[in-house]
Amino acid sequence: MISVQNLTRKYGDFTAVRSVSFEIPRGQIVGLLGHNGAGKTTTLKMITGYLEPTEGRVLIGGIDIQQDRLRVQEKIGYLSEQSSLYPEMSVWQYLDYVAQLRGIPEDRRMQAVRDAVVATDLQPKVGAPIHTLSKGYRQRVGVAQAIVHKPEILVLDEPTNGLDPTQILAMRNLIKDLSKSTTVIISTHIMQEVEAICDRVLIVLNGKLALDASMAELQKGSMLHLSVNRKFADVSSMIKGISDVSHVEESGVAQGDVHHYLLQTENAAMEKVASVVAKRVVEQGWDLYRIHHEHRDLETVFKEVNRGNV
């Protein structure tokens, strides 16, 4: 659906985005994560055709955006970080105006606006001037204008910026609903947002793509937690000969006879490693109290990326 190939953007001697490449299939929710100034917004502007790359190219549905920008932009809905709304207009007037700009025929325009209003739950405010709306409702209007033409791709730059906890939850639910029919890219520096709704994360560091992985892969990690009724020397001896386990260390304080360990694995097939370790424990006649994969949060992964450990 989206193919980004060696994308680079320079401003004089400064390179904001450097040789970024990735592909996004239809139907994914992808989080573009990075510090402020990492190059996220610049990347989004090139993907959406608002900014020309210095090098590289972007293909949307096989169409090069530089060769047929308007045709590609018909497929994209975009909510910028600072969404430009006309405060004197009512919600309906503004969305009708956007629908006209999007070239929606007059006989379909009312239904298109109605669908966008329902999708974003704006019915209670449809006749209200935009300047009277709360921050949460203004963000909803921004999303509504981005989806009024039913785009194939929805790009959201900091969609929960400035929202309170209740508004954030509402926005998350809205994005999940929209993803049923649309590929969604979310740019943010808030890791909890990516963890809450994204299938996949792209981490940008100093203009470069530092990591591209599914949330499931990242959260699983490479450590195996093991709790047994044996001391370190016994466990260290037990794991010898298991090629996919490279290291063992104690984890936490023993509770009576129960000792806790972390096993460093070298193989991505964690289920297989866990099965082999469990079988060894049973063969030794030990009591197995717990064995499970390490679950890492995105903050831990982000720190590892910044340290260069991923």
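The values are calculated or read from the model by the stated rules, or taken from the named source; none is laboratory data. No experiment lies behind these values; they were computed from the predicted model shown. Heads up, the Cβs are rebuilt from the backbone with ideal geometry, glycines too, and the neighbour counts pull from every protein chain shown.
Look at region 43-57 and say how many of its residues are surrounded by 21 or more Cβ atoms within 10 Å (Cβ to Cβ), more than 16 Å from ILE186 (Cβ to Cβ) and among the β-branched types (Val, Ile, Thr). Count: 0.
If the condition is being more than 21 Å from PRO151 (Cβ to Cβ) and either surrounded by 21 or more Cβ atoms within 10 Å (Cβ to Cβ) or of a type in the set (Asp, Glu) (or both), then region 17-41 contributes VAL17, VAL20, LEU33, GLY34, ALA38, GLY39.
Looking across region 1-15, the residues that are more than 20 Å from the chain's Cα centre (by Cα) and either buried (at least 19 other Cβ atoms within 10 Å of the Cβ) or charged (D, E, K, R) (or both) come down to ARG9, LYS10, ASP13.
Give region 73-99 a look and list any residue that's surrounded by fewer than 17 Cβ atoms within 10 Å (Cβ to Cβ) and free of Cβ contacts under 8 Å to residues at least 40 places away in the same chain, or say none. The answer is GLN82, SER84, GLN93, TYR97.
Residue check: VAL184 meets all listed conditions (1) crowded, with 19+ Cβ neighbours inside 10 Å; (2) over 28 Å from ILE2 (Cβ atoms) but one, namely (2).
The single condition among (1) modelled with pLDDT under 85; (2) in a loop (DSSP other than H, G, I, E, B); (3) surrounded by 12 or more Cβ atoms within 10 Å (Cβ to Cβ) that PHE302 does not satisfy is (2).
Out of all the residues in region 279-299, which are touching a strand residue (DSSP E or B) at 6+ places or on another chain (Cβ under 8 Å), loosely packed, with under 15 Cβ neighbours inside 10 Å and assigned to a helix (DSSP H, G or I)? Scanning region 279-299 gives a single hit, VAL282.
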